1. State the extension gain, in nm to one decimal, for the chain segment bounded by Arg84 and Val34, taking 0.36 nm per residue of separation less the distance between their alpha-carbons.
2. How high is the relative contact order of region 3-75, given as a whole-number percent (alpha carbon pairs under 8 Å, six or more residues apart)?
3. In which sequence would Glu57, Glu45, Glu86 go, from the one with the fewest C-beta neighbours within 10 Å to the one with the most?
4. Rounded if a/c is under 1.5, else prolate if a/b is larger than b/c, else oblate: which is region 67-114, with a ≥ b ≥ c the root eigenvalues of its Cα gyration tensor?
5. Please list 18-26, 91-99 highest first by mean number of surrounding beta-carbon atoms within 10 Å per residue.
6. What percentage of all Cα-Cα pairs in region 3-75 are separated by more than 19 Å?
7. On full extension of the chain, what length is gained from Leu67 through Ser26, given 0.36 nm per residue of separation minus the C-alpha to C-alpha distance?
8. Which of Phe71, Phe109 comes first, and how do the rest follow, when ranked by fewest Cβ neighbours within 10 Å?
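What follows draws every value from the coordinates through simple rules; no lab data is involved. These figures come from a predicted structure and were not determined experimentally. Note that we place each Cβ from the backbone using ideal geometry, even for glycine, and neighbour counts take in every protein chain shown.
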Amino acid sequence: MKRSNQKRITKEAIILRHMRMEKGLSLNQAGRRVGITGSAIAHIEQGRMDVSRARIETLVEGYGYTLDDYFEYLDRKDAPIHVRDECLSILRQLDDSRLQAVHAVLVNFMPAGTARQTNNPSQIEQKHYRQASSS
C-alpha cells in the first residue's frame, strides 16, 4: 500500500498544522512559501507523507517560527489542538438527536441580525418565487 493511502497522524504533523493555521496560512500559501504544493502540505498534515528533519525545518521557518518554537511544542505532553477542528471532529461523531441539541445551543451564539444558512426547501422556494415575481 502506498504511504499516501495510509494515515498516520503524528505529533509532528499536528504541530506543523497548528503552526500553519496560527499564522493564517492556507495550504497553497504555505506551499508557495516553502516551494511545494498545497496538496503536499495537506498530505504531511494528514499523516499521508513522511516528513524529513530538513523538510520540518523548511516548513517551520517558512511559517515564521524557529526550530526552538517547534521543539517547545514537541516537548509538551499534549499536542496543540485547533479548537475548530476538534469541534468538527466531535460533531461528526454525534447522532442526529444530539446534533440537533448542539445546533440549538450554537444558534444562540450567533450575533443578532446575522443571516444563517438554511437547507429548508420552503424558504429557498419562497426566495426564488419572490425573485421571479418581481421580474
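1. Answer, rounded to one decimal: 15.5 nm.
2. Reported relative contact order: 39 percent.
3. Glu86, Glu57, Glu45
4. Oblate, because a/c is 1.5 or more while a/b does not exceed b/c.
5. 18-26, 91-99
6. Here the tail beyond 19 Å accounts for 23 percent of pairs.
7. Using 0.36 nm per residue and subtracting the Cα-Cα distance, I get 12.7 nm.
8. Phe109, Phe71
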